[in-house]
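Asks: Take this structure first; my questions come after.
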Amino acid sequence: MKGIVFTFRDKQKTFRLPKLKKPKLSLKETVSRFGFQTVFVILFLLGLAIGAAGSRGVDQSLSERLDFLFITNIEARLSMSAFDIFLSCFTAYFLFVFATFLCAMSAWGFTAIPLLSVIKGFSVGMSSAVIFAFYKVSGIGFYILIILPGTALFLITLTIYAKASFRLSMRFMRLSLFGNEKEPALSRGLRAFLKKSAYAFLSSGACAVLDMLLWILFANHFDF
């Protein structure tokens with residue numbers, strides 16, 4: 001009786017390692033992805049320089065009146081409770097996010113959104129320069145350790161959110177002038193923007209919580 005023989009041959013498999021280099025973006029793709037953020041950061045830096053230069057005429061009494069919007073009077077804030085510190089920081093962040101939200105809902109709001117970046121830069125420049133001038137080395141250390149982290153995170157949030165707000169406002173402008181925007185596409189864009197708005201407000205709250213924690217943990221270690 002003849003037997004049946006089965007033979008198995010291993011097939012050679014080739015494995016390719018993933019490419020480590022990312023594909024290069026064209027100039028158009030780079031501008032589309034990072035152009036708005038770059039412009040808003042430049043405007044923020046412009047406002048920062050103007051605020052720092054304008055702080056020379058700020059005296060102690062004026063800094064106390066500006067402390068509601070800008071952190072300029074550290075001694076007054078050291079006596080505040082944790083909730084008051086959170087509320088003060090969140091209010092300063094919330095005003096800019098809410099103003100950006102309102103501009104996005106207007107057909108001409110895109111003209112004011114860049115100005116908000118300048119104003120935010122102005123507030124940061126003025127507050128930092130006043131703190132450096134009034135409190136010297138202690139003020140510099142205090143600002144870097146306690147104020148700067150939340151401010152930097154909020155700047156990232158505001159820059160990303162300003163881009164989305166600018167684009168939505170431009171869509172409303174094109175709709176009001178030319179009426180060529182399709183309703184389903186506009187509806188999807190509006191829903192996506194509302195989600196980004198929720199993230200922006202939550203991020204503002206997170207930045208305020210970070211500020212509060214840093215104040216509680218480290219503020220009393222500085223001598224003013």
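Asks: Put +1 on the Cβ of every Lys and Arg and -1 on every Asp and Glu Cβ in the range 111-224; which of Gly121, Phe222, Tyr199 then has its Cα farthest towards the positive end of the dipole?
Replies: Tyr199
Asks: Same structure, new question: Quick one: if you stick a label point 7 Å off each Cα along the C-beta vector at Leu177 and Ala53, how many nm between them?
Replies: The modelled label-to-label distance comes out at 3.2 nm.
Asks: Tell me the accessible surface of Ile160 in square angstrom (1.4 angstrom probe, heavy atoms of protein chains only), to the nearest ten.
Replies: The accessible area comes out at roughly 100 Å².
Asks: In a shell of Cβ-Cβ distance under 12 Å around Ser138, excluding Ser138 itself, what net charge do Lys and Arg (+1) and Asp and Glu (-1) give?
Replies: Local charge sum for Ser138: -1.
Asks: Ignoring ligands, DNA and RNA, what percent of the 1.4 Å accessible area of the range 81-165 is carbon and sulfur?
Replies: Solvent-exposed carbon and sulfur of the range 81-165 make up 83 percent of the total.
Asks: A follow-up question, please. Report the local net charge at Thr157: Lys and Arg +1, Asp and Glu -1, summed over other residues whose C-beta lies under 12 Å from its C-beta.
Replies: Overall, the nearby charge balance is +3.
Asks: Between Met170 and Ala185, what is 0.36 nm times their sequence separation minus the Cα-Cα distance? Round to one decimal in nm.
Replies: Full extension from Met170 to Ala185 adds 4.0 nm.
Asks: What's the local net charge at Asp223, with K and R +1, D and E -1, over the other residues with C-beta under 12 Å away?
Replies: Neighbourhood net charge equals 0.
Asks: Take the Cβ-Cβ distance between Ala198 and Phe83 as r, set R0 to 30 Å, and report the resulting FRET efficiency rounded to the nearest 0.05.
Replies: The calculated FRET efficiency here is 0.85.
Asks: Assuming 0.36 nm per residue, please report the length gained on full extension of the stretch Ala76 to Ala206 beyond their Cα-Cα distance.
Replies: Length gained between Ala76 and Ala206: 44.5 nm.
The values are calculated or read from the model by the stated rules, or taken from the named source; none is laboratory data. Not measured: the values here are computed from a predicted model. Glycine also receives a Cβ, built like all others from the backbone with ideal geometry; neighbour counts cover every protein chain displayed. SASA here: full protein model, heavy atoms, side chains in, ligands and nucleic acids out. Shrake-Rupley method; radii C 1.70, N 1.55, O 1.52, S 1.80 Å.
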